[in-house]
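Here is the structure we will look at.
Just so it is clear, none of the values below were taken in a lab; they were calculated from the coordinates. Values in this document were obtained by computation on a predicted structure and should not be read as measured data. So basically every Cβ, Gly included, is an ideal-geometry build from the backbone, and we count neighbours across all protein chains shown.
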Amino acid sequence: MATITASVYTSHVPAIGAALDLGKTNEPYWQPVFAGYEPSKAWFAQNTPDVIFLVYNDHATAFSLDLIPTFAIGTGPSYPPADEGWGARPVPVVQGHPELAAHIAQSVIQDDFDLTIVNRMDVDHGLTVPLSLLCGQPQAWPCRVIPFAVNVVQYPVPSGRRCFNLGRAIRKAVESYDEPLKVQIWGTGGMSHQLQGPRAGLINREWDNAFLDRLIADPEGLASMPHIEYVREAGSEGIELVMWLIARGAMSDRPPKVVHRFYHVPASNTAVGHLILENQ
Amino acid sequence: MALDKPYKDIPGTTIFDADQARKGYYLNQFCMSLMKAENRERFKANERAYLDEWPMTEEQKQAVLARDLNRCIELGGNIYFLAKIGATDGRSFQYMAASMTGMTQEEYAKMMLEGGRSPKGNRYIGEDK
C-alpha cells in the first residue's frame with residue numbers, strides 16, 4: 001500500500017528560480033532565502049520519496065483564457081519545463097507517474113471532485129522552483145512527480161474547505177494504491193503578495209505567521225477562512241495559499257511532526273514561507 | 001440578481017473575476033501570443049498593426065501602447081498575462097509592479113526590502129492608516 005509520508009509547503013517565486021539559474025544564491029539579497037532551505041535540502045536527501053504529488057498553479061503558461069480547469073491532474077509520462085517568455089529554465093524534464101496519477105484520478109473523481117485530466121503540458125516556475133529549492137540543481141530530478149494544477153488566477157478560485165476536503169480524497173486514493181510507494185504531497189504558492197494595481201507590494205508578516213501556526217495546529221479551522229480574508233490581508237495573489245490546504249488535508253488526522261519552518265521577506269515582491277511536516 | 005462581490009471595497013485592487021475575464025479575453029490572449037519569439041518581433045516592429053490583428057477595444061489598444069498597466073487591468077487585463085508585455089519590453093517584474101503604484105522602481109524596491117506595503121490602511125476603503 002502506498003503511503004503519504006510527509007508534506008512540504010513553499011512559495012514558488014519565479015525570481016528565486018532565476019537567482020538559482022544565474023548563480024546568484026550567494027548574493028546578499030538572496031543568501032538568506034537559500035540559507036532557509038539548506039535544512040530542507042538535507043532532509044529531502046535523507047527522505048527522498050518515490051513520488052511527489054505537487055500542487056501548484058499555472059501562471060498563464062500552459063493554460064491561457066481558452067481553458068481554465070479548476071483542478072487538473074497530470075497523468076502523462078513527462079512534462080518539459082516551460083518557456084515563460086525568456087527561455088525555459090535549465091532544469092530537468094519532470095518525469096510523471098502515470099499509473100499512480102490515473103489511480104488517483106479514478107478514485108478522487110468518484111469521490112465527487114471533478115478533475116481535468118492532462119496528458120501533455122509544459123510546467124512553469126510554480127512547479128519547478130519548489131523542486132529546485134528542495135533538490136538543488138541535479139542532472140535529473142531524484143523522483144517522479146505528479147503535477148496537480150489549481151486555478152488561482154481567475155476568480156472564483158476553489159474554497160479553502162474544498163481544497164482541504166480534496167486533500168482528504170487524495171489521501172484515501174494514495175492509501176488504496178497497491179504498490180508500496182512513499183509519496184510526499186507539496187503545497188506551493190504564497191505567502192502574502194500582491195502583484196497588481198496601486199496596492200502592489202502588500203506584505204503581511206503577522207498574518208502569514210498566524211497562517212503557518214494554524215496550518216500546523218488547526219488546519220480544519222483554517223480551511224473555513226473565506227477568500228475575502230486572504231485578499232484583504234495577504235494580497236490578491238496571496239490567495240494561492242488555498243493550495244497549501246490540499247497538501248494539509250492529505251496528511252493524517254494525527255498532529256504532524258514539524259521538521260522545519262522558515263519565513264523571509266522579501267523575495268522580489270513576495271513573502272517566502274516554508275514548512276515541512278511529517279506524518280507520525 | 002447581482003452576485004455578492006465583497007472584494008469591491010479593497011483599495012487599489014481589481015479582482016480578476018469572470019466579468020473581468022470576459023471583458024479582457026482578447027487583451028489577455030494578445031498578451032499570451034507574446035510567448036512566441038516571432039510574435040514578439042512582429043509586435044515590436046509595429047505595435048499598432050499587431051494590436052489591430054486582435055478584436056480588442058480601442059481603449060484596450062491605447063492602454064497597451066501607453067503601457068498603462070492599471071488601465072489594462074481596469075479593462076479586463078490580468079497581471080500574469082500583462083507581464084508578458086513587460087517581458088517583451090525587457091522590463092523586470094519589479095519595474096512593472098512599481099509602475100502601477102506611482103513609485104519609482106528604486107522606491108518600490110526599497111519598500112519591499114523594508115518589509116513591503118503594510119496592510120494597515122489598505123484592507124478596505126476608509127480604513128485608518
Worksheet item: Tell me, what ³J(HN,Hα) does each residue in the stretch B:97-110 have, in order and in whole Hz, if you take phi through Karplus 6.51 cos²θ - 1.76 cosθ + 1.60 with θ = phi - 60° and put x for Gly and Pro?
Response: 4, 4, 4, 8, 9, x, 9, 6, 4, 5, 4, 5, 4, 5
Worksheet, complete the sentence: With the charge dipole of the protein assembly as shown built from beta-carbon charges (+1 for Lys and Arg, -1 for Asp and Glu) about the Cα centre, the Cα from A:Gly23, B:Gly12, A:Ala149 projecting farthest to the positive end belongs to A:Gly23
Fill in: Directionally averaged shadow of the stretch B:54-129, computed from the convex hull of its alpha-carbon atoms, nm²
6.3 nm²
Worksheet item: For the stretch A:1-154, what is the largest minus smallest coordinate of the Cα atoms on each principal axis, given in angstrom and ordered from greatest to least?
Response: 49, 39, 24
Worksheet item: Using the alpha-carbon centroid of each, what span in Å lies between the stretch A:108-176 and the stretch A:41-55?
Response: 15 Å
Worksheet entry | Antiparallel DSSP beta bridges within the protein assembly as shown, as percent of all bridges there, nearest 5 | 45 percent
Worksheet item: Straight-line reach from B:Lys5: which lysines have a Cα under 26 Å away, not including same-chain ones fewer than 8 places off?
Response: B:Lys23, B:Lys120, B:Lys129
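Rank these for me by crowding, B:Lys84, B:Lys8, B:Lys61, A:Lys172, going from fewest to most other beta carbons within 10 Å.
On the way: B:Lys84 22, B:Lys8 11, B:Lys61 19, A:Lys172 14.
Lowest to highest Cβ neighbour count: B:Lys8, A:Lys172, B:Lys61, B:Lys84.
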Discussion item. Among B:67-79, B:11-23, A:264-276, how do they line up by average Cβ neighbours within 10 Å per residue, starting with the highest?
Written reply: A:264-276, B:67-79, B:11-23
Fill in: Backbone N under 20 Å from the A:Thr48 label point (7 Å along Cα→Cβ), restricted to the stretch A:154-183
A:180-183
Item to complete: Evaluate peptide B:118-126: per residue, the Cβ atoms of other protein chains within 10 Å of its Cβ; return the mean as an integer.
Response: 4
Worksheet item: With springs only between Cα atoms under 10 Å, which of A:Pro14, A:Pro158, A:Pro90 fluctuates most in a Gaussian network model of chain A?
Response: A:Pro90
Fill in: q = 0.14, 0.16, 0.18, 0.23 Å⁻¹: log10 I(q)/I(0) that the Debye formula gives for the stretch B:16-90, counting C-alpha atoms only
-0.36, -0.48, -0.61, -1.02
Worksheet item: Say each of A:Glu38 and A:Asn279 gets a label point 7 Å from the Cα, pointing the same way as Cα to Cβ; how far apart are those two points in nm?
Response: 3.2 nm
Discussion item. If you take each beta carbon of peptide A:73-84 and count the beta carbons of other chains within 10 angstrom, what is the mean?
Written reply: 1
Item to complete: Report, in deg cm²/dmol and to the nearest 500, the calculated mean residue ellipticity at 222 nm for chain A, where each DSSP H run with n ≥ 4 adds -39500 (n - 2.57) and the sum is divided by the residue count.
Response: -10000 deg cm²/dmol
Worksheet item: Hey, if you drop one equal point scatterer on each alpha-carbon of the stretch A:151-280 and run the Debye formula without solvent, what base-10 log of I(q)/I(0) do you get at q = 0.09, 0.13, 0.21 Å⁻¹?
Response: -0.26, -0.53, -1.24
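Rounding to the nearest 20 debye, state how big the charge dipole of chain A is about its Cα centre with +1 on each Lys and Arg Cβ and -1 on each Asp and Glu Cβ.
So the magnitude is around 400 debye.
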Discussion item. I need the per residue convex hull volume for the protein assembly as shown, using only the alpha carbons, in cubic angstrom as a whole number.
Written reply: 141 Å³
Worksheet item: What average count of beta carbons from other chains do you get within 10 Å of the Cβ of residues in B:9-17?
Response: 6
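If R0 is 41 Å, what FRET efficiency do you get for B:Ala45 and A:Ser224 from their C-beta distance, rounded to 0.05?
0.20
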